[in-house]
Amino acid sequence: MITIDGKQIKLQIWDTAGQEAFRSITRSYYRGAAGALLVYDITRRETFNHLTTWLEDARQHSNSNMVIMLIGNKSDLDARREVKKEEGEVFAREHGLVFMETSAKLATNVEEAFIDTAKEIYEKIQEGVFDITNEVRF
């Protein structure tokens with residue numbers, strides 16, 4: 001639960017770990033979802049290289065107004081970095097995504113990633129972009 005504009009917002013979060021085995025299951029989660037976090041490991045280039053596939057899946061199987069944030073995780077391991085921060089920023093800009101780097105280990109920007117995404121979703125609900133009479137998931 002988080003609070004936005006004095007209102008309690010409940011987030012439902014699914015972590016599929018980007019594994020191919022979860023791909024068909026993940027598609028069902030996109031339906032009705034208002035937001036998604038696409039996370040790659042800055043120390044593993046191949047996770048960044050798979051982003052296009054995951055983004056296409058998200059966009060194909062979700063509401064066109066879904067808020068998507070791109071997250072480069074493990075920012076605490078900068079010495080082992082294989083993906084430059086600028087590459088993440090460019091990918092996000094080219095695809096209309098919000099971008100942030102995080103460190104789950106140090107809890108750097110983790111809460112902020114969820115809060116920022118939830119705020120964008122909340123704004124879209126306020127604007128009438130999402131119908132809240134149906135359950136909106138994140």
Exercise. For the chain, compute the number of Lys pairs whose alpha carbons are separated by less than 30 Å, excluding pairs fewer than 8 positions apart on the same chain.
Key: 18
Practice problem: Fewest Cβ neighbours within 10 Å first, please rank R45, R93 accordingly. | Solution: R93, R45
Quiz item: What is the helix-to-structure angle for 85-95, meaning the angle in degrees between its Cα long axis and the longest Cα principal axis of the chain, kept from 0 to 90 and rounded to the nearest 10?
Solution: 40 degrees
Practice problem: Determine the percent antiparallel among the DSSP beta bridges restricted to the chain, to the nearest 5. | Solution: 25 percent
Quiz prompt | Amide H contacts of N73 (H built 1.01 Å from N, under 5 Å, at least 5 apart or other chain) | solution = Y40, D41, I42, T102
Exercise. Quick one: among A104, A79, A36, which has the greatest mean-square fluctuation in a GNM of the chain with alpha-carbon springs under 10 angstrom?
Key: A79
Practice problem: List every residue whose amide H lies under 5 Å from the amide H of T108, counting only residues 5 or more places away in sequence or on a different chain, with H placed 1.01 Å from N in the peptide plane. | Solution: S103
Exercise. List every residue whose amide H lies under 5 Å from the amide H of A36, counting only residues 5 or more places away in sequence or on a different chain, with H placed 1.01 Å from N in the peptide plane.
Key: V67, I68, M69
Quiz item: Under a point spin-label approximation (7 Å from Cα along Cα-to-Cβ), what is the I2-R45 distance to one decimal in nm?
Solution: 3.3 nm
Quiz prompt | FRET efficiency, T53 to K84 (Cβ-Cβ, R0 30 Å, nearest 0.05) | solution = 0.90
Quiz item: Tilt of helix 51-60 relative to the longest C-alpha principal axis of the chain, in degrees (0 to 90, nearest 10)?
Solution: 10 degrees
Practice problem: Restricting things to alpha carbons, find the Rg to Rh ratio for region 2-127 using the Kirkwood radius for Rh. | Solution: 0.95
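Read-outs: derived from the displayed coordinates by stated rules, not from any lab. Given the structure is predicted, the values throughout are model-derived calculations rather than measurements. So basically every Cβ, Gly included, is an ideal-geometry build from the backbone, and we count neighbours across all protein chains shown.
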